[in-house]
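Asks: Below you will find the structure I want to go over with you.
The values are calculated or read from the model by the stated rules, or taken from the named source; none is laboratory data. Given the structure is predicted, the values throughout are model-derived calculations rather than measurements. Note: ideal-geometry Cβ built from the backbone for every residue, glycine included; neighbour counts use all protein chains shown.
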Amino acid sequence: MNRNYQSFKKQARELTELRSILSTLTWDQETMIPTLGSSIRAGQLSTLAAVCHKRLTSPEMKEALEQLSEEPTLSLWQQTSVKEMQRQYDKAVKIPETLISELAKTTSLAYQAWVTARNDSNFSTFFPWLKKVVELKREEARCLQSSESLYEALLDEYEPKVTEFELDTLFESIRPKLSALLDRIQSSKQIPENSLAGDFPIHQQKIFGEKILTAMGFKWDAGRLDSSPHPFCTGLSPLDVRITTRYDEQDFSSSLFGIIHEGGHALYEQGLDLEHYGLPACEAISLGIHESQSRLWENQVARSRPFWEYWLPHLQKYFPQQLQGISLENFMHAINKVKASFIRVEADEITYGLHIILRYEIEKMLIGGDLEVEDIENVWNQKTHEYLGITPSCPSEGVLQDTHWSQGLIGYFPTYLLGTVYASQIFHSAQESIPELSEHIRAGRLYPLKEWLQKKIHQHGKTLSASELIQEISDETLTNQYFLNYLENKFSEIYDLKL
Ligand code: ZN
């Protein structure tokens, strides 16, 4: 094999290994670390992050990339890896080190300020920190900017190649439809509140969650399930994928849907092609495509009637008193209840998109210089009223609820909704390809879907872009149609809506 490529491959592999050590330390910090350990861990993480940055921007890497840029004999995996590494390299050298360390320091302090401000529901103590974060992110965007849109430079970190214009068009076409559907539901028959209340021992919740993960095809010898305050999935390699959930004794659905959601992410990570491990191409395409996998399992599969036709009797065996006599219909109503509410992470499938659009519009204005940080709270409350018909009574119900901005994650929110839209189009294609898919799900057989997703998406890593993948799977470009039809059909049935 080409000597230049061999040198590149070795460097890429070592960088992947260093990064997975970093992820292991981060996982440990979220799940296992003793309280006092955190203060030392922060230093360990930043030292290792600096080593990774140095490796990525080293003269050896520069040379390898230069020599391979015009190399005609590379395979698709090799070419994609070189291009992806070049993309990371360009980004890393464009941002001055002083800005990187300033951002790391500021976001760490801003995060702490956000925790306090949210607990006190007082935006004014967080405000100066957010102002600083926004200024630094604008500076970062100016270093990276390659189009007219400053915001797009930040978006590229999470969803490469998607433009602000494409997102605007997609979200603007969705927003009025979601609002209209919400209105129709709110003026239709009402579903009783919280019919799933009860005491659900955590131990039993865990065993049931594991059972579902097993049915989804989660490989236990290549993965783990633990608990943490914020559920997440981290792929250290296709042979070591770790997910977490959080348990609430009064509400089993919070941990269960968390497990299924993170399980969807985990199947993607476990499904990457091991043969190419270590190459930049052997990673998920984008956050949006990653999120499509979790949403698809959580919503299209696990909030559907066929799924619960099989699983409800099993769930009732685990919680015989708590769920005694609940009908499938009432259960479906309870897990699919639609109601305008303030908190994004508790939102139903319809209002969730409205929460995301609101954040997307605000962060775009902040980065574009069309909104001052001091005016965010007002704009947030106005938009919540406009889109959801409710107004937050305090900042913790509104502008202070999410951690993202405090951590400098600007450009991240839209991938949640984009992923949800991808999920509908992908699931529709899965139904076309596997005509008996509903029957499989109704019989508790989830592996045909898992195998289809692995074959069509997971094993290809980054060798396709998000738009190429969608085109390849569905034979058309991304459209809002499947998402809107899915919601319309599902909720018309649940809420007995008239057309
Ligand atoms: Zn997710």
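Asks: Taking Trp297, is it in the same structural domain as Tyr387 (by TED's automatic domain parsing), within 16 Å of the ligand (Cβ to nearest atom) and among the aromatic types (Phe, Trp, Tyr)? Walk me through it before giving the result.
Replies: Numbers: in the same structural domain as Tyr387 (by TED's automatic domain parsing): yes; within 16 Å of the ligand (Cβ to nearest atom): yes; among the aromatic types (Phe, Trp, Tyr): yes.
Considered against the rule, which asks whether it is in the same structural domain as Tyr387 (by TED's automatic domain parsing), within 16 Å of the ligand (Cβ to nearest atom) and among the aromatic types (Phe, Trp, Tyr), Trp297 comes out as yes.
Asks: If a residue has to be in a loop (DSSP other than H, G, I, E, B) and buried (at least 21 other Cβ atoms within 10 Å of the Cβ) to count, how many in region 383-406 make the cut?
Replies: If we filter region 383-406 for residues that are in a loop (DSSP other than H, G, I, E, B), which is where we start, we get 389-394, 398-403.
Subsequent filtering for residues that are buried (at least 21 other Cβ atoms within 10 Å of the Cβ) retains 398-400.
Summing the residues that are in a loop (DSSP other than H, G, I, E, B) and buried (at least 21 other Cβ atoms within 10 Å of the Cβ) in region 383-406 gives 3.
Asks: Which members of region 269-290 meet the condition of being within 15 Å of the ligand (Cβ to nearest atom) and either surrounded by fewer than 24 Cβ atoms within 10 Å (Cβ to Cβ) or not in a helix (DSSP H, G or I) (or both)?
Replies: In the first step, residues of region 269-290 are kept if they are within 15 Å of the ligand (Cβ to nearest atom); the result is 269, 284-290.
Passing the criteria: Ala284, Ile285, Ser286, Leu287, His290.
Asks: Here is a further query. Among the residues of region 30-53, count how many are surrounded by 12 or more Cβ atoms within 10 Å (Cβ to Cβ), modelled with pLDDT of 90 or more and not hydrophobic (A, V, I, L, M, F, W, C).
Replies: Counting residues in region 30-53 that are surrounded by 12 or more Cβ atoms within 10 Å (Cβ to Cβ), modelled with pLDDT of 90 or more and not hydrophobic (A, V, I, L, M, F, W, C) gives 3.
Asks: Restricting attention to region 233-266, report how many residues are closer than 19 Å to Asn336 by Cα, away from the ligand (no atom under 12 Å from the Cβ) and of a type in the set (Phe, Trp, Tyr).
Replies: 1
Asks: Sticking with this structure for a sec: Considering region 249-296 alone, what residues qualify as being free of Cβ contacts under 8 Å to residues at least 12 places away in the same chain and more than 25 Å from Ala466 (Cβ to Cβ)?
Replies: Step one: list which residues in region 249-296 are free of Cβ contacts under 8 Å to residues at least 12 places away in the same chain, which gives 254, 275.
Listed by number, the list holds a single entry, Ser254.
One line per residue, one yes/no per condition, for (1) farther than 25 Å from Gly419 by Cβ; (2) in contact (Cβ under 8 Å) with a residue 40 or more places away in the chain:
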{"residue": "Tyr310", "(1), (2)": "yes, yes"}
{"residue": "Ile356", "(1), (2)": "no, yes"}
{"residue": "Tyr360", "(1), (2)": "no, yes"}
{"residue": "Lys364", "(1), (2)": "no, yes"}
{"residue": "Ser393", "(1), (2)": "yes, no"}
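Asks: Against the condition of a type outside the set (D, E, K, R), under 25 Å from Glu468 (Cα atoms), surrounded by fewer than 20 Cβ atoms within 10 Å (Cβ to Cβ) and not assigned by TED's automatic domain parsing to the domain that holds Leu354, how does Ser149 come out, does it pass? Break it down into steps so the answer makes sense when it comes.
Replies: Numbers: of a type outside the set (D, E, K, R): yes; under 25 Å from Glu468 (Cα atoms): yes; surrounded by fewer than 20 Cβ atoms within 10 Å (Cβ to Cβ): yes; not assigned by TED's automatic domain parsing to the domain that holds Leu354: yes.
It is true that Ser149 is of a type outside the set (D, E, K, R), under 25 Å from Glu468 (Cα atoms), surrounded by fewer than 20 Cβ atoms within 10 Å (Cβ to Cβ) and not assigned by TED's automatic domain parsing to the domain that holds Leu354.
Asks: Condition test on Ile185, is it away from the ligand (no atom under 16 Å from the Cβ), at pLDDT below 95, farther than 18 Å from His314 by Cα and in contact with a Lys or Arg (Cβ under 6 Å, 6 or more places away or on another chain)? Can you show your working first?
Replies: Working: away from the ligand (no atom under 16 Å from the Cβ): yes; at pLDDT below 95: yes; farther than 18 Å from His314 by Cα: yes; in contact with a Lys or Arg (Cβ under 6 Å, 6 or more places away or on another chain): no.
So Ile185 fails the test.
Asks: In region 147-178, how many are touching a helix residue (DSSP H, G or I) at 6+ places or on another chain (Cβ under 7 Å) and without any contact (Cβ under 8 Å) to a residue 60 or more places away in the chain?
Replies: 3
Asks: Identify the residue in region 243-268 that is buried (at least 23 other Cβ atoms within 10 Å of the Cβ) and outside any helix (DSSP H, G or I) and, among all such residues, is modelled with the lowest pLDDT.
Replies: That would be Thr245.
Asks: Kindly evaluate Leu418 against the criterion of being over 30 Å from Pro313 (Cβ atoms), within 16 Å of the ligand (Cβ to nearest atom), surrounded by fewer than 22 Cβ atoms within 10 Å (Cβ to Cβ) and not aromatic (Phe, Trp, Tyr). First the steps, then the outcome.
Replies: Details: over 30 Å from Pro313 (Cβ atoms): yes; within 16 Å of the ligand (Cβ to nearest atom): yes; surrounded by fewer than 22 Cβ atoms within 10 Å (Cβ to Cβ): no; not aromatic (Phe, Trp, Tyr): yes.
So Leu418 fails the test.
Asks: Out of (1) farther than 30 Å from Tyr482 by Cα; (2) in contact (Cβ under 8 Å) with a residue 12 or more places away in the chain, the odd one out for Leu181 is which?
Replies: (1)
Asks: Closer than 13 Å to Trp405 by Cα and part of a helix (DSSP H, G or I) - does that describe any residue in region 87-100?
Replies: First pass over region 87-100, keeping only residues closer than 13 Å to Trp405 by Cα: none.
No, every residue in region 87-100 fails to be closer than 13 Å to Trp405 by Cα and part of a helix (DSSP H, G or I).
Asks: What's the number of the condition Leu109 fails, among (1) surrounded by 15 or more Cβ atoms within 10 Å (Cβ to Cβ); (2) among the aliphatic types (A, V, I, L, M); (3) without any contact (Cβ under 8 Å) to a residue 40 or more places away in the chain; (4) touching a Phe, Trp or Tyr at 6+ places or on another chain (Cβ under 8 Å)?
Replies: (1)
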